[in-house]
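The values are calculated or read from the model by the stated rules, or taken from the named source; none is laboratory data. Everything quoted here is computed from the prediction, not taken from an experiment. Here the Cβ is made from the backbone with ideal geometry for all residues, glycine too, and neighbour counts use every protein chain on show. Heads up: the accessible areas ignore ligands, DNA and RNA and are worked out on the full protein's heavy atoms, side chains in. Shrake-Rupley method; radii C 1.70, N 1.55, O 1.52, S 1.80 Å.
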Amino acid sequence: MWQWKKVLLSVGLATTLILTGCTEKEQAEQKIFDTLEHVVELETNFEEQQEPLLQLEQKEKELYDEIISLGMKEFEQIIVLAKEATAVVEERREHMEREKASIDEAREHFEEVSTYMEELEDGQLKQEAQELYQLMEKRYGAYDELYTYYMEAIELDLELYELFQLEDLTMEQLKNQIDKINDTYTKIKEANEKFNENTEQYNEDKYKFYQNAGLNVEYNN
């Protein structure tokens with residue numbers, strides 16, 4: 001039995017924080033806080049796609065396993081299952097596109113932070129803000145890789161289920177396609193791990209920045 005694909009497991013940004021207490025003026029620190037926390041809200045749709053994607057991947061795996069278990073005497077049933085799996089793959093594509101749209105919107109809003117960083121008067125705080133900004137850019141870069149590989153895998157999956165509908169399909173053809181799929185999902189796993197590591201580090205550094213900026217924050221659970 002060939003190795004099955006790696007599932008997508010991504011972490012989201014930290015729980016939204018709220019600023020407590022009042023300020024007499026709109027300082028750069030508060031502008032940065034407002035922007036970063038709005039980014040968390042904008043990525044909500046991204047996080048909402050995770051569970052449906054995992055469910056669809058599990059459903060597809062079950063269809064794949066059923067197809068593999070059938071012999072060519074049950075070719076008509078294989079075709080039915082392959083078409084059903086194709087529909088599931090297309091659903092995965094839709095969820096991934098929604099996820100990407102959410103990330104893109106959040107990223108566009110995040111870019112505003114660069115303007116506010118220049119307004120920071122404290123040199124150490126400005127450096128921390130710049131490092132935080134660079135870390136988030138690395139996170140978005142990792143997501144771009146993740147998205148690219150995932151969409152490549154979608155196309156390979158669709159090709160796989162087309163192959164299953166060929167009556168003269170050879171074991172060599174099948175093995176070659178599954179090898180390509182598994183290679184792509186290995187890249188997805190690596191990009192996803194990098195994305196998650198960057199996200200976790202960003203969440204930690206963001207909270208430290210808030211503390212060093214003298215912002216009174218609390219979790220909004």
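Key figures for this structure:
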quantity: Restricting region 29-65 to residues that are open to solvent by 80 Å² or more (accessible area, probe 1.4 Å) and over 25 Å from Tyr207 (Cα atoms), the residue that is farthest from the chain's Cα centre (by Cα); calculated: Glu62
quantity: Candidates Tyr161, Tyr140 - the one that is under 11 Å from the mean Cα position of the chain (by Cα) and not aliphatic (A, V, I, L, M); calculated: Tyr140
quantity: Hey, Lys25 farther than 30 Å from Glu91 by Cβ, modelled with pLDDT of 85 or more, out of contact with any Asp or Glu (no Cβ under 6 Å at 6 or more places or on another chain) and of a type in the set (Lys, Arg) or not; calculated: no
quantity: Filter pass, Lys187 being open to solvent by 10 Å² or more (accessible area, probe 1.4 Å), under 30 Å from Phe110 (Cα atoms) and touching a helix residue (DSSP H, G or I) at 6+ places or on another chain (Cβ under 8 Å); calculated: yes
quantity: Which listed residue is outside any helix (DSSP H, G or I), in contact (Cβ under 8 Å) with a residue 40 or more places away in the chain and either open to solvent by 30 Å² or more (accessible area, probe 1.4 Å) or not aliphatic (A, V, I, L, M) (or both), from Glu121, Glu99, Glu145, Glu128; calculated: Glu121
quantity: Every residue from region 153-167 that is assigned to a helix (DSSP H, G or I), of a type outside the set (A, V, I, L, M, F, W, C) and surrounded by fewer than 16 Cβ atoms within 10 Å (Cβ to Cβ); calculated: Glu155, Glu159, Glu162
